[in-house]
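Below: one structure, written as C-alpha cells.
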C-alpha cells in the first residue's frame with residue numbers, strides 16, 4: 001500500500017496535483033487501513049496527455065507483440081494473485097475463500113478469455129466486393145470501475161484496451177483502491193510502455209466527469225449505478241465519444257414446478273446471497289409457480305437460515321459484511337420498506353446478526369408474498385435480500401420477469417428443455433442462466449434496457465475498443 005497516495009501516470013508513480021485524501025476502511029472491522037489521494041481535473045489532464053502520447057507507438061504494435069505482452073501480464077498476475085485476493089478481502093469485505101475463487105480469479109480468467117479472443121480477431125478482412133476492412137484501436141479510453149467486483153471490472157475494461165492497441169486512464173472506485181494499485185504494479189512488471197496504462201484515483205463528480213468530458217478521450221467504459229451511468233453519458237455527449245455502460249439490475253429467477261425443486265431453490269437463494277448480495281446481476285426476484293410455492297418457501301427459509309455470516313479473513317463459504325455504512329443503512333431502510341409494504345418476512349430482518357456489534361454485517365433476508373409493484377421488487381437493494389413472488393402460469397411468469405426497467409440477467413429453473421428455450425427467448429435480459437448454468441470467461445456480458453449498452457468479455461468485449469476503417473480501390 002506504499003503507492004496509495006500516488007497515481008500511476010506515464011509509467012511512473014507520481015504525486016497528485018490534488019491534496020485531497022480519503023480514508024480507506026475495512027468493512028468487517030470499521031478500522032482505517034489506508035489513505036488514498038483524490039485526484040482533480042489537472043491530474044486527469046496529465047494522465048490523458050500521457051495516454052495520448054503513448055497511443056502513437058502502441059497503436060502500431062502487431063497482434064503478436066500485444067499477445068506476448070498479455071502472456072507476460074498473465075504470468076505477473078499469477079505471481080501477485082494472493083495480493084489481489086487479500087486486497088479485496090480488506091477493502092470490500094470479500095471472504096478470503098471467495099476472494100480467491102471468484103474476485104481475484106477474474107483477473108486471470110478474463111485475461112485468458114481476451115487472449116483467446118485476440119488470437120481469433122481478424123484485424124484485416126477482404127470483403128466480397130473487394131474492399132478491405134481494417135479494425136484499428138479506438139484511441140484513449142477512460143475506464144471507471146465499481147467497488148463490488150473490483151478486479152472483475154478492471155480486467156473487463158483494461159485488458160481489452162491493452163489487447164487492441166488502445167491506451168487508457170483507469171479511475172477505480174475510490175473506496176477500493178488497494179486492488180487497483182496492485183494491478184497497476186502488475187501491469188508495470190509486465191513491461192507495458194509508458195503511457196499505455198494510467199491510474200488516477202478520485203470520485204465520480206470530479207475525476208469521472210473530467211474523463212468523460214475530456215476532448216482527447218475517445219471512449220468511456222463505465223460500470224456502476226444507472227444514475228451515474230446517465231451522468232457519464234451526458235458528460236461524454238459534448239465530444240461525441242463512444243460510451244459503453246454496465247449498470248444496475250433486478251434480475252428475475254423463474255422457478256417452475258417441474259424443476260428439481262430442492263436443489264434449484266436452495267442454489268437460487270445462495271446465488272442471491274453470494275458476495276453479500278452486492279452483484280448487479282444477482283437473482284434477487286424469485287418468481288415461483290403457485291403449484292410449488294409453499295414447498296419453495298420452506299426450502300428458501302431453511303437455506304437462508306443456514307447461510308453463515310462471518311469474518312472475511314477466515315476460510316469458508318460464509319458471506320461477509322456489506323461494503324460500508326452507507327450501504328448498510330440503505331439495506332436496513334429497504335428492509336423497513338418491505339415490512340411497511342406488507343410483505344411477509346420469511347427469514348432475516350433488521351439489524352446485525354446475533355452477537356455481532358462491529359462491522360457492516362447483515363442477516364440474509366427473504367420476503368415472501370411480494371407483488372411486483374412493491375418497491376422491494378422494483379428497486380435494486382444491493383444486499384442479501386431476496387423477494388419471492390408467486391405466479392400462476394408461464395405467461396404470467398414472463399410478464400412479471402420483464403416488468404422491470406432493468407435487463408442485465410435472468411435465471412430459469414425447469415426440467416423441461418423445450419420450456420427452457422421457449423421462456424429464455426422471451427426474457428428481456430442479456431444473460432439467461434438455466435438450471436444453475438454459470439457465466440464462463442470469454443462470453444459477452446451486458447444488459448438490455450436501463451442495465452446498459454455494449455458487451456464486455458471475449459471477442460465482443462474487444463469490439464468496443466476498435467474502430468472500423470474501409471479501404472476502397474486496392475483491388
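Full extension of the chain between residue 225 and residue 379 gives 54.3 nm of extra length, using 0.36 nm per residue less the Cα-Cα distance.
Just from its helices, what would the mean residue ellipticity at 222 nm be for the chain, if runs of 4 or more DSSP H residues each count -39500 (n - 2.57) and the sum is divided by every residue, rounded to the nearest 500 deg cm²/dmol? Don't skip to the answer; put the middle values down first.
Details: 15 runs with 179 residues, N = 475.
Using -39500 (n - 2.57) per qualifying helix, the result is -11500 deg cm²/dmol.
By DSSP, what percent of the beta bridges with both residues in the chain are antiparallel, rounded to the nearest 5?
Values: 27 of 64 bridges.
About 40 percent, rounded to the nearest 5.
Compared with the dominant principal axis of the Cα atoms in the chain, helix 226-237 is inclined by about 20°. The relative contact order of the range 252-440, computed from alpha carbon pairs under 8 Å that lie at least 6 residues apart in sequence, is 28 percent. Extending 7 Å from Cα along the Cβ direction at residue 298 and again at residue 435 yields two label points whose distance is 2.4 nm.
Once the Cα atoms are used to define both axes, helix 261-273 deviates from the longest principal axis of the chain by about 50 degrees. Across q = 0.25, 0.26, 0.34 Å⁻¹, the range 1-45 modelled as identical point scatterers on its alpha-carbon atoms has Debye log10 I(q)/I(0) values of -0.87, -0.91, -1.21, in the order of the q list.
In plain terms, the residue of 149, 13 with the fewest other Cβ atoms within 10 Å comes first and the most crowded comes last, giving 13, 149. Over all distinct Cα-Cα pairs of the range 252-440, the Kirkwood formula returns a hydrodynamic radius of 16.5 Å. Note on residue 358 and residue 371: the model spin-label points, each 7 Å out from Cα along the C-beta direction, lie 4.6 nm apart.
The stretch between residue 291 and residue 136, if pulled fully straight at 0.36 nm per residue, gains 50.3 nm over its current Cα-Cα span. Here the label points at residue 64 and residue 240, each 7 Å from Cα along the C-beta direction, are separated by 3.9 nm in the simple model.
Listed by Cβ neighbour count within 10 Å, with the fewest neighbours leading, 382, 197, 328 appear as 328, 382, 197.
Spherically averaged projected area of the convex hull of Cα atoms, the range 139-275: 10.3 nm².
Taking Cα pairs under 8 Å and at least six residues apart, what relative contact order does the chain come out at, in percent? Could you put the intermediate results ahead of the total?
Working: 1118 pairs, mean separation 90.9, N = 475.
Once divided by the residue count of the chain, the mean separation gives 19 percent.
Taking the chain as the reference, fit the longest principal axis to its C-alpha atoms, fit the long axis of helix 293-306 to the helix C-alpha atoms, and give the angle between the two in degrees, 0 to 90, nearest 10. Helix 293-306 sits at roughly 60 degrees to that axis. The tail of the calculated P(r) for the chain beyond 33 Å holds 38 percent of all Cα-Cα pairs. Between residue 474 and residue 81, the contour length at 0.36 nm per residue exceeds the alpha carbon distance by 136.7 nm.
Each value in this text was obtained by applying a stated rule to the coordinates, not by laboratory testing. Nothing here was measured: the structure is a model prediction, and the numbers come from that model. For neighbour counting, all protein chains shown are included, and Cβ atoms are generated from backbone atoms with ideal geometry for every residue, glycine included.
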